[in-house]
Amino acid sequence: MLPELPPLPALTRAEGELVDGYLAALDRLGRINPARGGDTLGALQAAQALVTQAAALRDALAAMHERGERELHGRVLGRALGVLGAERRLDRLVLPQGSSTDRGLDDGP
């Protein structure tokens, strides 16, 4: 049985779209991460989708701004990101353990 997740904080529609879009962008960036390996087609498709995702993020932020929402409430949005698995997605963005030493990346160009 899956563990009980904490409830999501109350978000405006635009805040929800911002959080969803941000998580989707993290997923795309994780698929593009060259240190993770994989195939170029998958990375290309993720990069193409990232462009669309960036536009959706822009639209969500524009909607918030137009409605007078001038502040990103970091604690609330951060809690929502945590409940929805942002940490797991962020793990795909960092270099895998030992990448810099295993591949000679410490030596510079």
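The conditions are (1) assigned to a loop (DSSP other than H, G, I, E, B); (2) exposed (fewer than 12 other Cβ atoms within 10 Å of the Cβ); (3) at pLDDT below 90, and residue 68 fails exactly one of them. Which is it?
(3)
Return the residue satisfying two criteria in turn: it lies in the stretch 12-22 and is touching a helix residue (DSSP H, G or I) at 6+ places or on another chain (Cβ under 6 Å) and not charged (D, E, K, R), and of such residues it is farthest from residue 72 (Cα to Cα).
21
Identify, from the list 77, 57, 2, 18, the residue that is out of contact with any strand residue (DSSP E or B) (no Cβ under 7 Å at 6 or more places or on another chain) and either modelled with pLDDT under 90 or part of a loop (DSSP other than H, G, I, E, B) (or both). Break it down stepwise before answering.
Details: 77 fails: either modelled with pLDDT under 90 or part of a loop (DSSP other than H, G, I, E, B) (or both); 57 fails: either modelled with pLDDT under 90 or part of a loop (DSSP other than H, G, I, E, B) (or both); 18 fails: either modelled with pLDDT under 90 or part of a loop (DSSP other than H, G, I, E, B) (or both).
The unique qualifying residue is 2.
Return the total of residues in the stretch 34-60 being in contact (Cβ under 8 Å) with a residue 60 or more places away in the chain and surrounded by 17 or more Cβ atoms within 10 Å (Cβ to Cβ).
The first filter runs over the stretch 34-60 and keeps only residues in contact (Cβ under 8 Å) with a residue 60 or more places away in the chain, leaving 35-36.
Okay, now just the ones that are also surrounded by 17 or more Cβ atoms within 10 Å (Cβ to Cβ), so none.
Looking only at that region, the number is 0.
The values are calculated or read from the model by the stated rules, or taken from the named source; none is laboratory data. The structure displayed is predicted, hence computed values, not measured ones. Neighbour counts are summed over all protein chains in view; Cβ atoms, including those assigned to glycine, are modelled from backbone coordinates with ideal geometry.
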